[in-house]
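Engineer: Have a look at this one.
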Amino acid sequence: MATAELIAETPVAAEVAELVARSRAAQAQIADYTQEQVDRLIRGMVYAVARPGMDEEIARETVEETQLGNYEGKFKKISVKTRATLYDIIDDKSVGIIEELPERNIVKIAKPIGVIGALSPSTNPEATPVIKAISAVKGRNSIIVCPHPRAKFINAKICGLMRDALVKMGAPADLVIAIEQPSVEKTNEVMKQCDRILATGGGAMVTAAYSSGTPALGVGVGNAVITVDETADLDDAAAKILLSKTLDNAASCSSDNSVILVDAIYDKMLAKLIEKGGFIIEGANKTKLQNAIWEDGEHINAKVVAQPAEFIANYAGFEIPEGTQFFIVPETGTGADYKFSGEKMTVTMTLYRAKDIDEAVKLTNAIQAYQGQGHSCGIYSNSDENIMKLANGTKTSRVMVNQPQSASNSGNLWNGMRQTFSLGCGSWGGNSTNNNITWRDLINETWVSKPLATPKTIPSDEALFGKDIIELIG
């Protein structure tokens, strides 16, 4: 826990210290809340922003402020994703004894951490503050939300709605505090002074979170790779790839960045993707598109992120047919010399061809060795053998099977994944966790251990080590 002695004497540090003090005082007021009280709070927090009419208002104002994504995508996130997240955790026990292991005579008791410092990106600023806030409060914590400057007004509005709801339910408003005039310095100071960081955002900010000295839960680069094999339902795969690639104009880092088609279905599947609004980009247009996405050859150009295909084509300087929904860029190589093998944050899908599932696995690893290792990949297949080959052969935390990637790996009603916008990528992605981060990551646990009824006994050496080891080593 941060202490006053560690806080630098600067105006920003002092301002943040005051906010943290308010947040800590609010958290203390709910530290002994019952499960029923906690769950009532998070119900009210979600309804305050997702209620009919308000969800439409937030979706519209998010697009107006950020100029990213589209109304339909924002509406689904604030109206549906927040409800689904609440539904996913509302019956979880997060107060008192939350787990018992009778065979070990151990019980686990949940304890709040304190003040959570949360980063909210410009690409998902409508639902991220809500999902992180209810995860914090579910664990009887308070939260300070640091938005991207491009989304500061919508963040303040959303947090304000949750604050009003908390007061109506008899809880302190300061359980949720928004940084209303965000800056890198202010966000860094929040990360230094809070008790745990929930970092979702660009790579630089996630790195700063890990360097802050405060325990941090971060995420890695997305760059999802999707394989379609010879056993797949191609119509279903094409429809879901379209949905995933164009949802909120590819604002999500889980959008299909590369798609691998095996030889047996390559031509047929490519035709179906074109039917769905895909437009092949090659030759001079490929160079123009690359220059548009990477403004200096290295960093993604914010001007084209989460924009519709027509806007990007006009910006890049090439023409596209009416009805184009996304770009298809055929590629063969991977790595820094092949920029399209990386994350693009646009409605641009890189297309690869593989001989079979084994080659698709190798190609997935090569693509994600450049960017996206540990995050997620997917497959459209009706072969359990192929599905498990991909799962066993890749360095990934999630393999989504026959599902639209961007709408699925963070949890959805059609799967059992935990609902979140914070996806741990394990050591592969430089993260401390692989899981979909929720309230369970925002508590401390006290383990109570009682003596076993029958103590364990160490078996004989032959039973423990094996006769072969004894003879070999001895």
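The values are calculated or read from the model by the stated rules, or taken from the named source; none is laboratory data. Here the structure is a predicted model, which is why all the values come from computation and not from measurement. Heads up, the Cβs are rebuilt from the backbone with ideal geometry, glycines too, and the neighbour counts pull from every protein chain shown. Just so you know, the surface numbers come from the protein's heavy atoms only, side chains and all, with ligands and any DNA or RNA stripped out. Shrake-Rupley method; radii C 1.70, N 1.55, O 1.52, S 1.80 Å.
Engineer: For the range 136-151, check the following and say yes or no: at least one residue is within 24 Å of the chain's Cα centre (by Cα), of a type in the set (G, A, S), more than 20 Å from P215 (Cα to Cα) and open to solvent by 20 Å² or more (accessible area, probe 1.4 Å).
Structural biologist: Scanning the range 136-151 turns up no residue that is within 24 Å of the chain's Cα centre (by Cα), of a type in the set (G, A, S), more than 20 Å from P215 (Cα to Cα) and open to solvent by 20 Å² or more (accessible area, probe 1.4 Å).
Engineer: Something else now. From the list I387, I357, I367, which residue is under 30 Å from K303 (Cβ atoms) and open to solvent by less than 50 Å² (accessible area, probe 1.4 Å)?
Structural biologist: Answer to the check: I367.
Engineer: So which helices (runs of 4 or more DSSP H) stay within the range 1-107 end to end and still have 2 or more residues that are touching a strand residue (DSSP E or B) at 6+ places or on another chain (Cβ under 8 Å) and within 27 Å of A127 (Cβ to Cβ)? Give the derivation first.
Structural biologist: Numbers: elements: 11-30, 35-50, 54-66, 71-75, 82-89.
Result: 11-30, 35-50.
Engineer: Looking only at the range 137-156, which residues are part of a loop (DSSP other than H, G, I, E, B) and of a type in the set (G, A, S)?
Structural biologist: G139
Engineer: What are the pairs, 6+ residues apart or on separate chains, where a residue within the range 207-231 that is on the phi > 0 side of the Ramachandran plot and buried (at least 19 other Cβ atoms within 10 Å of the Cβ) has its Cβ under 6 Å from a residue that is at pLDDT 85 or above and not in a loop (DSSP other than H, G, I, E, B)?
Structural biologist: Listed pairs, sorted by first residue: N223/N257.
Engineer: Tell me, which residue of the range 109-129 that is among the aliphatic types (A, V, I, L, M) and over 20 Å from M205 (Cα atoms) is farthest from the chain's Cα centre (by Cα)? Steps first, answer last, please.
Structural biologist: Of all residues in the range 109-129, those among the aliphatic types (A, V, I, L, M) come to 109-110, 113, 115-116, 118-119, 127.
If we keep only those that are over 20 Å from M205 (Cα atoms) as well, we get 109-110, 113.
On the way: I109: 27, A110: 24, I113: 21 Å.
Looking at the filtered set, the residue picked out is I109.
Engineer: State all residues of the range 77-96 that are surrounded by fewer than 20 Cβ atoms within 10 Å (Cβ to Cβ) and either polar (S, T, N, Q) or touching a helix residue (DSSP H, G or I) at 6+ places or on another chain (Cβ under 8 Å) (or both); if no residue qualifies, say none.
Structural biologist: The answer is R83, I90, D92, K93, G96.
This table checks each residue for (1) at pLDDT 95 or above; (2) within 25 Å of N249 (Cα to Cα); (3) open to solvent by 30 Å² or more (accessible area, probe 1.4 Å).
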{"position": "Q29", "(1), (2), (3)": "yes, no, yes"}
{"position": "G53", "(1), (2), (3)": "yes, yes, yes"}
{"position": "I58", "(1), (2), (3)": "yes, yes, no"}
{"position": "E72", "(1), (2), (3)": "yes, yes, yes"}
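Engineer: Does the range 301-327 hold any residues that are in contact with a Ser or Thr (Cβ under 8 Å, 6 or more places away or on another chain) and at negative phi, and which are they?
Structural biologist: V304, V305, Q307, A309, E310, I312, A313, Q325, F326, F327
Engineer: List pairs: first in the range 435-459 and over 18 Å from V95 (Cα atoms) and without any contact (Cβ under 8 Å) to a residue 12 or more places away in the chain, second open to solvent by 70 Å² or more (accessible area, probe 1.4 Å) and of a type outside the set (K, R), Cβ under 8 Å, 6+ apart or cross-chain?
Structural biologist: Short answer, once both residue conditions are applied: I458/L464.
Engineer: While we're looking at this one, here's another question. I'd like the residue in the range 236-251 that is within 16 Å of the chain's Cα centre (by Cα) and of a type in the set (A, V, I, L, M) and, out of all such residues, is surrounded by the most Cβ atoms within 10 Å (Cβ to Cβ).
Structural biologist: Out of the qualifying residues, it is A250.
Engineer: Name the residue that is farthest from the chain's Cα centre (by Cα), counting only residues in the range 179-193 that are buried (at least 23 other Cβ atoms within 10 Å of the Cβ) and either under 23 Å from R150 (Cα atoms) or of a type in the set (F, W, Y) (or both).
Structural biologist: E189
Engineer: I'm told P121 meets every condition in (1) surrounded by fewer than 24 Cβ atoms within 10 Å (Cβ to Cβ); (2) at pLDDT 95 or above except one. Can you identify the failing condition by its number?
Structural biologist: Answer for P121: the failing condition is (2).
Engineer: So the check is Cβ under 6 Å with 6+ separation or different chains; which pairs have a first residue in the range 89-100 that's more than 19 Å from I30 (Cβ to Cβ) and a second one that's open to solvent by less than 30 Å² (accessible area, probe 1.4 Å)?
Structural biologist: E99/K108
Engineer: Here is a follow-up. In the range 338-348, is there at least one residue being aliphatic (A, V, I, L, M) and touching a residue at least 60 places away in the same chain (Cβ under 8 Å)? It would help to see each step written out before you state the result.
Structural biologist: At the first step, the residues of the range 338-348 found to be aliphatic (A, V, I, L, M) are 345, 347.
Checking the rest, the ones that are also touching a residue at least 60 places away in the same chain (Cβ under 8 Å) come to 345, 347.
Yes, the conditions are met somewhere in the range 338-348.
Engineer: For the range 283-308, give me each residue that is outside any strand (DSSP E or B), among the hydrophobic types (A, V, I, L, M, F, W, C) and within 24 Å of the chain's Cα centre (by Cα).
Structural biologist: Once the filter is applied, which keeps residues that are outside any strand (DSSP E or B), among the hydrophobic types (A, V, I, L, M, F, W, C) and within 24 Å of the chain's Cα centre (by Cα), the range 283-308 yields I293, A302, V304, V305, A306.
Engineer: While we're on this one: So, in the range 52-66, how many residues would count as being in contact (Cβ under 8 Å) with a residue 40 or more places away in the chain and not hydroxyl-bearing (S, T, Y)?
Structural biologist: 5
Engineer: Then there's this: If you check G393, G411, G424, G466, which single one turns out to be open to solvent by less than 70 Å² (accessible area, probe 1.4 Å), free of Cβ contacts under 8 Å to residues at least 24 places away in the same chain and either out of contact with any helix residue (DSSP H, G or I) (no Cβ under 6 Å at 6 or more places or on another chain) or of a type outside the set (F, W, Y) (or both)? Even if it seems obvious, please write down each step before you answer.
Structural biologist: Details: G393 fails: free of Cβ contacts under 8 Å to residues at least 24 places away in the same chain; G411 fails: free of Cβ contacts under 8 Å to residues at least 24 places away in the same chain; G424 fails: free of Cβ contacts under 8 Å to residues at least 24 places away in the same chain.
Answer to the check: G466.
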